[in-house]
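Below: the structure, in structure tokens.
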């Protein structure tokens, strides 16, 4: 084997390995693994499959609906008066589908606030509760 061919195979092998590592790091970065944000967080967030936390600032919470179709019946706060802009209130009583945005305003901005959402699954017509706590 010639020296040039050996060197080229060495560079190609490690070049692909480095490229794969860069792609994995970029994917992790895009998922927010390396994001160190201070300030307000939700803890615990809503149970998986119910609602997905998106953002919170100045008494306004943005979430997305989970994978099952549902009607939001009630939003209860431990501090503040809830006002909700949800899929079934703005689209003529259509249910919330997967990924539909939901905005809850009027959340108290002092201390921990527990948010309880009562919703009705269209598949079973049973009421469920989902709770999360915002730490102000």
Among the candidates 89, 68, single out the residue that is at pLDDT below 80, outside any strand (DSSP E or B) and over 20 Å from residue 32 (Cα atoms). 89
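Taking the conditions exactly as written (under 17 Å from residue 56 (Cα atoms) and either in contact (Cβ under 8 Å) with a residue 60 or more places away in the chain or in the same structural domain as residue 55 (by TED's automatic domain parsing) (or both)), does residue 127 satisfy them or not?
Numbers: under 17 Å from residue 56 (Cα atoms): no; either in contact (Cβ under 8 Å) with a residue 60 or more places away in the chain or in the same structural domain as residue 55 (by TED's automatic domain parsing) (or both): yes.
For residue 127, the condition - under 17 Å from residue 56 (Cα atoms) and either in contact (Cβ under 8 Å) with a residue 60 or more places away in the chain or in the same structural domain as residue 55 (by TED's automatic domain parsing) (or both) - is not met.
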In contact with a helix residue (DSSP H, G or I) (Cβ under 7 Å, 6 or more places away or on another chain) and surrounded by 12 or more Cβ atoms within 10 Å (Cβ to Cβ): does that describe residue 95? yes
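The values are calculated or read from the model by the stated rules, or taken from the named source; none is laboratory data. A quick note: this is a predicted structure, and the numbers were derived from the prediction, not measured. When we count neighbours, we look across all protein chains shown, and the Cβ atoms used for this are built from the backbone with ideal geometry, even at glycine.
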